[in-house]
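Report on the following structure.
The values are calculated or read from the model by the stated rules, or taken from the named source; none is laboratory data. Quick caveat: nothing in here was measured; it's all calculated off a predicted structure. Here the Cβ positions follow ideal geometry from the backbone for every residue, glycine too, while neighbour counts run over all protein chains shown.
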Amino acid sequence: MAEKKDNIILIGMPGAGKSTLGIVIAKMLGYDFVDGDILIQQQSDKTLQKIIDAVGPEGFIAVENEVLCNLDAHKTVISPGGSCVYSDEAMLHLAEIGTIVFLKVSLEELTERLGGLHERGVVMKNGMGMSLADLYEERQPLYEMYAEVTLDIDGMSVRDAANKLIDILSMREAL
């Protein structure tokens, strides 16, 4: 367990910009960057979609939970997968090691950004028939529940979002 909450954890919907914004913030602060989805792929030696196809949504959530619970990082921006909020254990661990920031994006903007979900390795607990709107409705309350900071990034450039988040976290003395 970390001695200090010196990490920034970015949560939000697929397509919210967790990885893109995370890399920019890490560069601006001189932090490391960890992408939870890539960690899962490296440790499993499979793509996210192949893992989901092999073990189903619940099996994937278990794999993701194990990877995130074993994450030990300091001065790192962490972008866990959008489905991390399905695991209380993983979210409690992330809250112990860092400040959880919800990157809030409207359904309309996500629809413009994303296109299809099915090629992205997105966990849909209620099956592949879920629409983006269904997934949004299911996950929004979970993101809000775990967030220590919520940043509405609709219409913001990556640079503006990064600067705003760094300002907010600096005021909270999280950096």
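Points to keep in mind about this one:
- Filtering the range 128-139 to residues that are in a helix (DSSP H, G or I) and without any contact (Cβ under 8 Å) to a residue 40 or more places away in the chain leaves Leu132, Ala133, Asp134, Glu137, Glu138.
- The range 1-83 holds helices (runs of 4 or more DSSP H) entirely within its bounds, and those carrying 1 or more residues that are at pLDDT below 90 and under 18 Å from Arg139 (Cα atoms) map to 48-69.
- Qualifying positions in the range 80-98 - more than 10 Å from the chain's Cα centre (by Cα) and in contact (Cβ under 8 Å) with a residue 24 or more places away in the chain: Tyr86, Ser87, Glu89, Ala90, Met91, His93, Leu94, Ala95, Glu96, Ile97, Gly98
- Residue tally, condition out of contact with any Gly (no Cβ under 6 Å at 6 or more places or on another chain) and surrounded by 15 or more Cβ atoms within 10 Å (Cβ to Cβ), over the range 79-94: 10
- Between Val24, Val77, Val101, Val105, the distinction of being within 18 Å of Ile153 (Cβ to Cβ), within 10 Å of the chain's Cα centre (by Cα) and β-branched (Val, Ile, Thr) belongs to Val101 only.
- Of all residues in the range 52-67, those that are within 10 Å of Cys84 (Cα to Cα) have Cβ atoms under 7 Å from Cβ atoms of residues that are outside any helix (DSSP H, G or I) and modelled with pLDDT of 90 or more, 6 or more apart or on another chain, in Ile61/Ser87; Glu64/Ser87; Asn65/Ser87.
- For the residues Thr111, Thr99, the requirement of being of a type outside the set (A, V, I, L, M, F, W, C), within 20 Å of Pro14 (Cα to Cα) and part of a strand (DSSP E or B) singles out Thr99.
- Output for the range 115-144, where each listed residue is hydrophobic (A, V, I, L, M, F, W, C), at pLDDT 65 or above and either under 21 Å from Ala62 (Cα atoms) or surrounded by 13 or more Cβ atoms within 10 Å (Cβ to Cβ) (or both): Met130, Leu132, Leu135, Leu142
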